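Worksheet: the structure to be examined is printed underneath.
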Amino acid sequence: MLLLADDDWGENLGIWLPSCEIFWSILVVGMGFAKNVETLYALRFFVGFAEACCFPGFAALLGGWYGVNQLVSCNHPFLISQS
């Protein structure tokens, strides 16, 4: 997430958000092939790490797509779905 703290949000978000999603997908598939519980725990830790970039990334995408008045109505279902 520290890599996203740059002045050029649009360019970084377009690189890091899909990268986190691909990384997450690979790790979830890898969890299916885990042979012992230690491997599963390690993969689950990194899955959580990859998921941590999704919420602020999608919130930033919504903020870029909608105006201030529309953002409240679009952000509300997104925030409710996260809980």
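Values quoted throughout were computed directly from the atomic coordinates according to the rules given, and no laboratory measurement underlies them. No experiment lies behind these values; they were computed from the predicted model shown. Every residue, glycine among them, receives a Cβ derived from its backbone with ideal geometry; neighbour counts consider all protein chains shown.
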(request) Calculate, in nm to one decimal, what F23 and H76 gain on full extension: separation in residues at 0.36 nm each, minus their alpha carbon distance. (result) 16.3 nm
(request) Can you bin region 43-83 into rounded, prolate or oblate? Criterion: square roots of the alpha carbon gyration tensor eigenvalues sorted a ≥ b ≥ c, rounded for a/c under 1.5, prolate for a/b above b/c, oblate for the rest. (result) oblate
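Which of I80, I22 comes first, and how do the rest follow, when ranked by fewest Cβ neighbours within 10 Å? Let's see the in-between values first.
Values: I80 8, I22 11.
Starting with the residue having the fewest Cβ neighbours, the order is I80, I22.
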(request) Can you tell me how much longer the chain between L40 and N69 gets when fully stretched, taken as 0.36 nm per residue apart minus their C-alpha distance, in nm with one decimal? (result) 6.1 nm
